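Structure first, commentary second.
The values are calculated or read from the model by the stated rules, or taken from the named source; none is laboratory data. Small disclaimer: the values here were computed from a predicted structure and weren't measured. Don't worry about glycine lacking a Cβ; one is built from the backbone with ideal geometry, like all the others, and counts go over all protein chains shown. Surface areas here come from the heavy atoms of the whole protein model, side chains and all, with no ligands, DNA or RNA. Shrake-Rupley method; radii C 1.70, N 1.55, O 1.52, S 1.80 Å.
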Amino acid sequence: MAESTGETEITAERPRVERYDPAAIESRWQACWEADELYKAVIDRSRPKFYFLTMLPYTSGNLHIGHWYAMAPSDARARFKRMQGYNVMYPIGFDAFGLPAENAAIQRNIHPKTWTYQNIENMRRQLRSMGAMWDWSREAISADPEYYRWTQWFFLKLHEHGLAYKKRSPVDWCPKCNTTLAREQVVGEDRVCERCKTPVIKKDLDQWFFRITSYADELLDFSHLDWPEPVKLLQTNWVGRSEGARVVFHTEGGDPMEIFTTRPDTLWGATFMVLAPEHPLVEKLTTPERSQAVRAYVQQTQRQTDIEREAVDREKTGVFTGGYAINPVNGERIPIWIADYVLMSYGTGAIMAVPAHDQRDFEFARKYGLEVRPVIQPEGMEPLDGGSMTEAVTEYGAMINSGPLTGTPVDQAIERTIAYLEEKGIGERAVNYRLRDWLISRQRYWGAPIPMISCPECGIVPVPEDQLPVELPEDVEWRPTGESPLKLHPTWKNTTCPRCGGPAERETDTMDTFMCSSWYHLRYLSPHYDKGPFDPEEYDYWMPVDTYTGGVEHATMHLIYTRFFHKACRDMGITKGPEPMLQLRNQGQILGPDGQRMSKSRGNVVDPDEQVKTYGADTVRAYLMFGYRWSEGGPWNPDNIHGVVRWLNRVWALVLETAGAEPGPVDEKHVRALQRKLHQTIRQATHDLDNFEFNTVVAALMELTNAMSQARAKGLAGHPAFKEAVQSLLLMMAPLTPHIAEELWSRLGKPYSIHQQPWPEFNPELAAEEEITLVVQVNGKVRDRIRVPADISEEEARARALASQAVQRHMGGAEPRKIIVVRGRLVNIVI
């Protein structure tokens, strides 16, 4: 029976077609595409290239619906670019090193390599079930020796150019397990070892670093990037560039203590100094009567994270060392304290405390009875008195109580102070960064071994390139403590020095897994190339990455490390250009049905395998795009997916039931309405896919499907305009729901494959509305809405507005003083 539309309808009996069964078609088309290498990307200089990349998954064992939410819409965008005529490369691989594999080794008595590669097999199956256009011939796995050979090669190049170095640095240490711990292994507010629940302490170890700080200023240059503003802001804050002055204080014993300040104009207000508890001068400064209190405080601080220590709302604590410093601008003797809010990892580990003009220092001074001395007087404020102040005054102002610079106006205060410091030789203009060098050492087994050798005669020596990769031994013993098997292995670490040939030891630390993921986009270019990390010809054609998708949580680690890595390699002549990825887009997060973050412990994890089994991959893909704004995400709603199920079933029936329809008499008005809706939909889908607005694309296709059903009911099924709508609908569905689009395209007898067809183009004339709704206001209040021709002139719009009975009623016979016309939108009559 035809649907009721309020007009004459065609009621011919619909042909019977088989029902839509995703399980019967999806795996068949996936196998076909793979056998035909439909998505294999090869260099083709006759077409513009497009390198589309989504963040590679970690080999945790199972993809969850969050992976699908990141990847399926990304796949739709990659397919869309391909249909627009681009030669698209969309590779996939696995981030395969890391701590979870070691935990599995201990908990399940299984080798991390075995666990990892079993997981990869399962995840390959899951990724294939998505129906994405992965180029599997470019798969790269970071734990393969042919991959980490080049990870080690990059390390050697960074070392050769002075960008990799070793120094002592604090780590989280479990004294019972006798091993370092990763951030994830320190749990709870009490910061205990997750294995044995022993309180964790800080311990200094020799560790490897990359000199990312050498690129601090360049990392603040986003001029070549189309990246979201929140990511750029996060990276800007992470680098933390500040301009100010470097000033040298001295202890009474003559030891220098360098500080950096962004407010050198407040130097005369420094009434005490604060050192980080780890500062090397603390022990020397501490007087005998203060040693017990200082030692206890230092031990307490060792159990805190930097984040906890820096918390703004945390009560400030500290201990007086008994020592004093000399303020270089006025020669005053000021006490030296230690406090946990000062970090060795930021600045110099020492600050001058100006409680009148810094709130943190003010709270500390009031708590411990230290002097508060104002040295800045903001304009328009009552004269400041340190004794009566209730909070710090952080505004800029004229200098007071500042010796020879007293009276310096606000606009000259900082510059004149810096000039004074440089003239006296006690300080200089400086720039400081919050960014620290990248610590890449991990006291772990399952990672890329650091290719360095320690020789008693020659010191630290690089492994020769022709001896790479330094492979992990597989015959390792796992201890319950989690201590790295590389340290305990009876033979692996023993080697000979490449320089003198004498006995030497391998480095037993492995690299941070972020090192592996800093260059995987390059290995995708040629994953089996053995003359270098990538084939230069592939690099010159495909790089840089045109679009990169993934989570915003990677902004200050992976994404900033990758940018540093590219720039460092560029300066070494390995890569080219200012940036590795030109456009970045971040997806939101899919939450559990309860609105909470998905986790096994909460029991709210949504398994995509179950969803595919129940509904099919196309339905899951379309729902993930339709049910959420991609950049935001939201809770999984198991009920809302049924709307997508109904839509795909309607498309299936509509296409197949009208496939053999013969032309007949039609009302041209209905033909024009269908054409308008079709070309408006093509216009919207093109725009929205370009802008990652997947939800509105699916909504527009649903509306088009409804319009086509109505057109069918009006007898248009055999008309060329209807057939054009069917073809265009399937072409627009192809990036979103690739299997059903391919199946219906094939059943219509169209050439294989729909994924090799061009994206439909809209005709602006056909998309134009013939009529529009014009809002008519009287004195700014809406009094009527009238339908008018879309190309109506301003004169005619005025005439029609004035002719409205509703408008005449509200004008009450008054003459209009002014008539304002906003073309295509409204007429406002002012009386």
Straight-line reach only, C-alpha to C-alpha below 18 angstrom: list the lysines that K714 could link to, leaving out same-chain residues fewer than 8 apart. K669, K677, K723
How far is helix 22-35 tilted, in degrees, relative to the longest principal axis of the Cα atoms in the chain, given as a value from 0 to 90 rounded to the nearest 10? 70
HN-Hα J couplings of the stretch 215-223 from phi, Karplus 6.51/-1.76/1.60, θ = phi - 60°, integer Hz, Gly and Pro as x? 10, 4, 5, 5, 5, 8, 9, 9, 5
Would you work out if the stretch 242-339 is rounded, prolate or oblate? Take a ≥ b ≥ c from the square roots of the eigenvalues of the alpha-carbon gyration tensor; rounded if a/c is under 1.5, else prolate when a/b is larger than b/c, oblate otherwise. oblate
Say each of H642 and T496 gets a label point 7 Å from the Cα, pointing the same way as Cα to Cβ; how far apart are those two points in nm? 7.5
Shape call for the stretch 342-424 from the C-alpha gyration tensor, a ≥ b ≥ c root eigenvalues: rounded (a/c under 1.5), prolate (a/b greater than b/c) or oblate? oblate
If packing is taken as the average count of other Cβ atoms within 10 Å, what order do 775-784, 734-743 fall into, highest mean first? 734-743, 775-784
Long-range Cα-Cα pairs in the stretch 24-146 (distance over 18 Å), rounded percent: 57
Run the numbers on the stretch 638-766 and let me know its relative contact order in percent, using alpha-carbon pairs under 8 Å that are six or more apart. 31
How many angstrom lie between the C-alpha centres of the stretch 485-552 and the stretch 800-821? 77
For the chain, calculate the relative contact order in percent as a whole number, restricting contacts to Cα pairs under 8 Å that are 6 or more residues apart. 15
Obtain the nm distance between the two label points defined at Q107 and V461 by a simple spin-label model: each point lies 7 Å from its Cα along the Cα-to-C-beta direction. 4.2
Too long at a 30 Å Cα-Cα cut-off: which of K487/K531; K531/K567; K316/K567? K487/K531; K316/K567
Can you pull the semi-axes for the stretch 771-813, root of five times each eigenvalue of the Cα gyration tensor, sorted largest first, whole Å? 18, 10, 8
As I understand it, the value is the acute angle between the Cα axis of helix 668-690 and the longest principal axis of the Cα atoms of the chain; what does it come to in degrees, rounded to 10? 10
Name the residues of the stretch 733-764 whose amide N is less than 15 Å from a point 7 angstrom out from the Cα of E724 along the C-beta direction? 760-764
Pop the C-beta distance of D206 and E379 into the FRET formula with R0 = 51 Å and round what comes out to the nearest 0.05. 0.45
Can you give me the relative contact order of the stretch 594-680 as a percent, contacts being Cα pairs under 8 Å and 6 or more apart? 23
When the accessible area of the chain is computed with all protein chains present and a 1.4 Å probe, what percentage of it is carbon and sulfur? 48
Counting only the heavy atoms of the protein chains, how much of H679 is accessible to a 1.4 Å probe, in Å² to the nearest 10? 10
Show which aspartates and glutamates lie in cross-link reach of K40 when reach means a straight Cα distance below 15 angstrom and same-chain residues fewer than eight apart are skipped. D75, D135, E139, E538
By the scheme Lys and Arg +1, Asp and Glu -1, what is the net charge of all other residues having a beta-carbon under 12 Å from that of H679? 0
How tilted is helix 558-571 with respect to the longest principal axis of the chain? Cα atoms for both, answer in degrees (0 to 90, nearest 10). 80
Rounded to the nearest 500, what is the chain's calculated 222 nm mean residue ellipticity when only DSSP H runs of at least 4 contribute -39500 (n - 2.57) each, over all residues? -10500 deg cm²/dmol
P(r) of the stretch 638-766 in 10 Å steps, Cα pairs, percent per bin? 12, 45, 36, 6, 0
Per-residue accessible area, 1.4 Å probe, largest first, puts Y117, Y346 in the order Y346, Y117
Added length on full extension, which subtracts the Cα-Cα distance from 0.36 nm per residue, L802 to A296: 173.6 nm
Output the antiparallel fraction of DSSP beta bridges having both residues in the chain, as a percent to the nearest 5. 70
Packing-ranked peptide list from 358-364, 374-380, highest mean Cβ count within 10 angstrom first, is 358-364, 374-380
Aspartates and glutamates within cross-link reach of K284: Cα-Cα under 20 Å, excluding same-chain residues under 8 positions apart? D204, E252, D255, E258, D340
About the Cα centre, charge dipole magnitude for the chain (Lys/Arg +1, Asp/Glu -1 at Cβ), debye: 1020
Can you list residues from other chains, or at least 5 along the same chain, whose modelled amide H is less than 5 Å from the amide H of T179? C174
Solvent-accessible surface (1.4 angstrom probe) belonging to K176, in square angstrom, nearest 10: 140
Over its alpha-carbon atoms, the chain yields an Rg and a Dmax in Å of 34.2, 109
At what distance in nm do the modelled label points of E229 and D540 sit from each other, each positioned 7 Å from its Cα along Cα→Cβ? 4.1
Between E703 and A35, what's the calculated FRET efficiency when r is the beta-carbon distance and R0 is 41 Å? Round to 0.05. 0.65
